[in-house]
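The structure under discussion appears below in the form of structure tokens.
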Amino acid sequence: MNLVESPESFDLIIDGEYQAATSGKVTEVKSPATGELVGTVAVASEADIARTIDSADAAFREWSAKTAYEREKIIKKATAYTRTQADTIGRLMALEQGKPFNQSRSEVTASCDIIDYFAAEAVRIEGTINPTEKANLRSYVVYQPVGVCAFITPWNYPVALLSWKLGPALATGCTVITKPTSITPMCPTAFCKAMLDGGIPAGVISVLNGSGGSVGEALMKSPKIKKVAMTGSTATGKRLMEAYGPTLNKISLELGGHCPAIVCEDADVKLAAKMIAYKGFRNLGQSCSSINRVYVHESLADALTTELKELAENMTIGDGVTDGSVDIGPMATADGVTDVQAHVDDAVSKGATLVTGGKKPDAFKDSRGNYYSPTLLTNCTHDMLVMREETFGPVVPCQTFTDLDDAIAKANDTTYGLVAYAFTKDMATTIKVTEELEAGTVCVNNGAVNTPYAPYAGWKESGFGVELSRKSVFEYLNTKHIKIAF
Ligand code: NAP
């Protein structure tokens, strides 16, 4: 597979069709691997935003009037078609995000699976019939779709994180306007178009590209938007609460993380190293659930360092468009590389040992791409940025401990609370860490954080609301109590 010879161009999606922006403005998308222009997307104007909201509002009446069974059939037909487009959409993701093609393609098909899961889940929404205080009363609780939803999505998993929102929204009868990040707008736009081409009715899914501060905020402030679902940084999440909070409509925010891993005295070191390397380096650590800091029992520190160094140095790195099978490509943005280097330099200046990485790989030193080597730091302490702030890069910093209570206290000493990991073979230790770690997800001896059947919810400043699982379906439903006297 070769790089594009001519850049792709995408219009907005309004009323089920690609439509040019009334402003005529476009924004450029650059390859993180080469710095070349790989595409342009139309930038929505206020007039485009207004007519898209009207179209989604009109479509809501028909889409919500269908039964959940009818919607399930339509959605599953659309995902079946979208799977046939996985090569095209995956290639766009590899081009604009840097994720190797094989992983990008898998993200597209896995996203179709998630949407199917929700299509089936929505036919199982149960209300209640309540006992009443008098014989001539009846009381029912039912759930109805909220209306038009606005989605604000990030660049690290640009299609997957859209599908987590699209799945429950479509299945419950909501219509959707999505605003992908300006960094990776092409693959989510193409994914939505494929869903429409596969049979989702016009107006049920729309796409407005443009910057968060202009298009995102204008979209969310409309009184016709009844729910906002956003994934992104905690700083942006706080801004959205300020801008959108006064509407008092529903909002869910999946925000940043700074996920700890505790490697206990009795852990399987090889397994722990494998999982830490997977969660720390895959997608260049650009994941909210990345392992951002490791607390290792001092008796295992040398063994873990040896294993992690080997895993880091054996990762294959390359342009994942030209070779889709490499382990890692470039980071998505040059700013991301600058931030990672600042965290690594800060740690080293405060006494950390740089075991491997810490720079652009030698093989890419003349490349314009945002390449960065998987990096391992030991002897880290909590005064280092890398131990306190989301690095969002391929860096695993390690600190030793002797007392498990101390390791748990350090793991919890953060404003984030998304995911925490522990490695142990002991049942009592397992119970202790799962009960004491302050995070929405705790994984013991594994790194498979996200599954359709379990809720993903950030504690503290990592989020507000729930994604995935049956619980997230209720983020898209209003509760109605019906009381009848007869
Ligand atoms: P970001 O900079 O916060 O942007 C996220 C989205 O918000 C983008 O679409 C952005 O649009 C938009 N946006 C920015 N300012 C806005 C505003 N004032 N009003 C409305 N929308 C606005 O985050 P990112 O860099 O793309 O993503 C990385 C972050 O996401 C990390 O912190 C990561 O931990 C977090 N994340 C969390 C989860 C989770 O499930 N908890 C999953 C993945 C990622 P533009 O880019 O076009 O401006």
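The values are calculated or read from the model by the stated rules, or taken from the named source; none is laboratory data. Please read all numbers here as calculations on a predicted model, not as lab measurements. Note that we place each Cβ from the backbone using ideal geometry, even for glycine, and neighbour counts take in every protein chain shown. The accessibility values were calculated without ligands, DNA or RNA, using every heavy atom of the protein model including side chains. Shrake-Rupley method; radii C 1.70, N 1.55, O 1.52, S 1.80 Å.
Around Ile13, what is the net charge, scoring Lys/Arg as +1 and Asp/Glu as -1 over all other residues with Cβ under 14 Å from its Cβ?
-2
Roll a 1.4 angstrom probe over the protein heavy atoms and tell me the percent of accessible area of the stretch 378-419 that is carbon or sulfur.
It is 45 percent, rounded to a whole number.
Cα centroid distance between the stretch 319-363 and the stretch 101-146, in Å?
Between the Cα centres of the stretch 319-363 and the stretch 101-146 lies a distance of 41 Å.
Note down the magnitude of the dipole of the chain about its Cα centre, charges +1 on Lys and Arg C-beta and -1 on Asp and Glu C-beta and zero elsewhere, to the nearest 20 debye.
1760 debye
Please work out the FRET efficiency for the pair His382 and Ala448, using the Cβ-Cβ distance as r and a Förster radius of 22 Å; give the result to the nearest 0.05.
0.20
Considering only the other residues whose Cβ falls under 9 Å of the Cβ of Glu36, what net charge follows from Lys and Arg at +1 and Asp and Glu at -1?
+2
Each label point is 7 Å from the Cα along the Cα-to-Cβ direction; what then is the distance between the points at Ser139 and Glu242, in nm?
Going by the 7 Å Cα→Cβ label model, 4.3 nm.
What does the accessible area of Tyr476 come to, in Å² to the nearest 10, when a probe of 1.4 Å is used?
Accessible area of Tyr476: about 10 Å².
Pairs to check: Lys30/Lys99; Lys226/Lys460; Lys221/Lys471; Lys165/Lys238; Lys227/Lys471; Lys238/Lys279. Give those whose C-alpha atoms are more than 22 Å from each other in this structure.
The answer is Lys226/Lys460; Lys221/Lys471; Lys238/Lys279.
Tyr421's amide H: which non-local residues (gap 5+, or another chain) put their own amide H closer than 5 Å, with H modeled 1.01 Å from N in plane and none for Pro or chain starts?
Ala261, Ile262, Cys443
Kindly report, to the nearest 10 Å², the accessible surface of Lys359 as traced by a 1.4 Å probe over protein heavy atoms only.
100 Å²
Note down the Stokes-Einstein diffusion coefficient of the stretch 259-452 in µm²/s, whole number, using a Kirkwood radius over alpha carbon pairs, 10 °C, and 1.306 mPa s.
96 µm²/s
Would you rank Phe392, Phe401 by solvent-accessible area, highest first, keeping every protein chain in place and using a 1.4 Å probe?
Phe392, Phe401
Under a point spin-label approximation (7 Å from Cα along Cα-to-Cβ), what is the Glu310-Phe486 distance to one decimal in nm?
It is 7.3 nm.
Taking 0.36 nm per residue of sequence separation and subtracting the Cα-Cα distance, how much length would be gained by fully extending the chain between Glu438 and Ser211, in nm to one decimal?
Extra length available between Glu438 and Ser211 comes to 78.4 nm.
Which one, Leu377, Ile291, Pro330, is farthest towards the positive end of the dipole of the stretch 272-388 when Lys and Arg carry +1 and Asp and Glu -1 on their Cβ?
Of the options given, the answer is Ile291.
Quick check: with the 1.4 Å probe, what order do Glu310, Glu62, Glu389 take by accessible area, largest first?
Glu62, Glu310, Glu389
Which whole-Hz couplings ³J(HN,Hα) result when phi for each residue of the stretch 241-257 is put into the Karplus expression 6.51 cos²θ - 1.76 cosθ + 1.60, θ = phi - 60°, listed in order with x for Gly and Pro?
Along the stretch 241-257, the couplings run 4, 5, 6, 9, x, x, 6, 6, 8, 5, 8, 10, 10, 9, 10, x, x Hz.
Using a 1.4 angstrom probe, figure out how much accessible area the chain has per residue, in square angstrom, rounded to the nearest whole.
I get 39 Å² per residue for the chain.
Determine the distance separating the Cα centre of the stretch 390-460 from the Cα centre of the stretch 23-89; give it in Å without decimals.
36 Å
Net charge within 14 Å of Val296 by Cβ-Cβ distance, Lys/Arg positive one each and Asp/Glu negative one each, not counting Val296 itself?
Net local charge, Val296 excluded: -4.
Sort Ile276, Ile129 from largest to smallest accessible area, using a 1.4 Å probe on the heavy atoms of the protein chains.
Descending accessible area places them as Ile129, Ile276.
For labels at Ala68 and Thr338 in the simple 7 Å Cα→Cβ model, what's the distance in nm?
Roughly 4.9 nm, to one decimal.
From the phi of every residue in the stretch 115-124, what ³J(HN,Hα) in whole Hz does the Karplus formula 6.51 cos²θ - 1.76 cosθ + 1.60 yield, where θ is phi - 60° and glycine or proline is x?
Each residue's phi maps through the Karplus curve to give 5, 4, 4, 6, 4, 6, 5, 5, 7, 10 Hz.
With each run of n ≥ 4 DSSP H residues scored as -39500 (n - 2.57), what mean residue ellipticity at 222 nm is computed for the chain after dividing by its residue count and rounding to the nearest 500 deg cm²/dmol?
-11500 deg cm²/dmol
Going by the alpha-carbon gyration tensor, a ≥ b ≥ c the square roots of its eigenvalues, is the chain rounded (a/c under 1.5) or, if a/c is not under 1.5, prolate (a/b greater than b/c) versus oblate?
Oblate shape, in that a/c is at least 1.5 and b/c is the bigger or equal ratio.
Provide the percentage of antiparallel DSSP beta bridges, counting only those with both residues in the stretch 259-452; round to the nearest 5.
Around 15 percent antiparallel, to the nearest 5.
For Asn478, list long-range residues whose amide hydrogen, built 1.01 Å from N in the peptide plane, is under 5 Å from its own amide hydrogen.
It is Gln144, Val146, by chain and number.
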